[in-house]
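Worksheet: one structure, shown below.
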Amino acid sequence: MQSENDKSGRVRRLQAAALKYDQSRHEAPVVVAKGSSSVAEKIIALAKKHDIPLQRDPELLQILMKLEINQEVPENVFHAVAEILAMVYKANSGVAAAKSAHENH
C-alpha cells in the first residue's frame, strides 16, 4: 500500500492496530498487534483474510499506537472502542444470519 497524504499535504505512513476482547480474561479490549508500513499491511491483510471488520479512526489509532502489546485500552477511549465492538458484533450477527438462511434453503 502506498503512503497517504494528510490534510496538510504531509505524507503519512500506513499504520494499523488490532484489538481483542475476552471478557473472561480482561476488563477491557487488549492491543494484540500494532505497526507501521509492512507490519500494518500484514495486520490489514490478516484481518481481511479472516473477515474481521476494519475501522478507520485516525485519532483512536494514535492512542492505540502508544500502547504496549497486551495492554488494555485505557478508560478514556472506551467509548470509541465500544462503537467499534458494536460494529463488529453487528457484522458478525449479519454473517451468522446469512449463513443460517443459506443452510436452511
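Every number here is computed from the coordinates shown, using simple stated rules; none is lab data. Treat the numbers as computed from the prediction; the structure is a model and nothing was measured. Glycine gets a Cβ as well: all are built from the backbone with ideal geometry, and neighbour counts include every protein chain shown.
Would you kindly state how much longer the chain becomes between HIS26 and SER93 on full extension, computed as 0.36 nm times their sequence separation minus their alpha carbon distance, in nm to one decimal?
Extra length available between HIS26 and SER93 comes to 21.8 nm.
With r as the distance between the Cβ atoms of GLU75 and ASP51 and R0 = 30 Å, compute the FRET efficiency 1/(1 + (r/R0)^6) and round to 0.05.
With R0 = 30 Å, the Cβ-Cβ based efficiency is 0.50.
Got a sec? How would SER37, SER24 order by Cβ neighbour count within 10 Å, fewest to most?
Lowest count first: SER24, SER37.
Can you list the residues, at least 5 places off or on another chain, whose amide H is less than 5 Å from the amide H of LEU19, using H built in the peptide plane?
VAL32
Compute the semi-axes of the equivalent ellipsoid of segment 21-65, taking the square root of 5 times each eigenvalue of the Cα gyration tensor, and list them largest first in whole Å.
After diagonalising the Cα gyration tensor, the semi-axes are 19, 15, 10 Å.
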